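Data first, discussion second: the structure below is written as structure tokens.
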Amino acid sequence: MTEAQQETAAKAAPDLAALEQEGEIAADYLEGLLDIADIDGDIDMDVEGDRAVVSVVDVKGGDLVGPNGEVLEALQELTRLAVHRQTGERSRLMLDIGGYRDRRRAELRELGTKIAGDVKRSGEPKSLQPMTPFERKIVHDAVAAAGLRSESEGEEPRRFVVVLPA
């Protein structure tokens, strides 16, 4: 491998130590928030691919997910800002609370597969409700796995997926 190829590979590979540091900063921040709110919960940290993942598990006393995950999304953004404040780097940290994201992934895969089937049968494009970037990605992947293509349209926070016929 040439020196230029090694540099490109190094830039593409996630810095495990930096991601672990993001997770630690996020965990400390979340522990402080839980203490202030007098909410019990344990915090797990991991690295998945190119992002730190922090999960609040065994949550007792408070709805930290909110309707349609709105509170979770807000907490994730606040946590990313806390990480950015300490590291000076933009964070792609993923926050999960009580397994919400895993449950939502399963729901969205099922939705994407169902809508792709509907579009295959009707031959007509189908627009879905507005979703977060996390949710849209899962639907796009499910639609692609079903052999169709999809696009995102609209402006945040009202951006939505359109499933297109073959």
- Can you name the number of the only condition in (1) closer than 25 Å to Pro130 by Cα; (2) at pLDDT below 95; (3) charged (D, E, K, R) that Arg80 fails? (2)
- Of the residues in the range 116-148, those that are more than 24 Å from Met94 (Cβ to Cβ) and touching a helix residue (DSSP H, G or I) at 6+ places or on another chain (Cβ under 7 Å) number 5
- Among the residues of the range 93-124, which ones are in contact with a strand residue (DSSP E or B) (Cβ under 9 Å, 6 or more places away or on another chain), of a type in the set (D, E, K, R) and either within 29 Å of Ala166 (Cα to Cα) or modelled with pLDDT under 95 (or both)? Arg101, Asp102, Asp118
- Item | Residue match in the range 35-50 (condition: of a type outside the set (S, T, N, Q), within 26 Å of Pro130 (Cβ to Cβ), open to solvent by less than 60 Å² (accessible area, probe 1.4 Å) and modelled with pLDDT of 95 or more) | no
- Restricting to the range 42-54, what's the tally of residues that are within 14 Å of Gly98 (Cα to Cα) and touching a residue at least 24 places away in the same chain (Cβ under 8 Å)? 3
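The values are calculated or read from the model by the stated rules, or taken from the named source; none is laboratory data. All values reported here derive from a predicted model rather than from experimental measurement. Reconstructed Cβ throughout: ideal geometry from the backbone, glycine too, with neighbour counts over all protein chains shown. Protein only, heavy atoms only, side chains kept; ligands, DNA and RNA dropped before computing areas. Shrake-Rupley method; radii C 1.70, N 1.55, O 1.52, S 1.80 Å.
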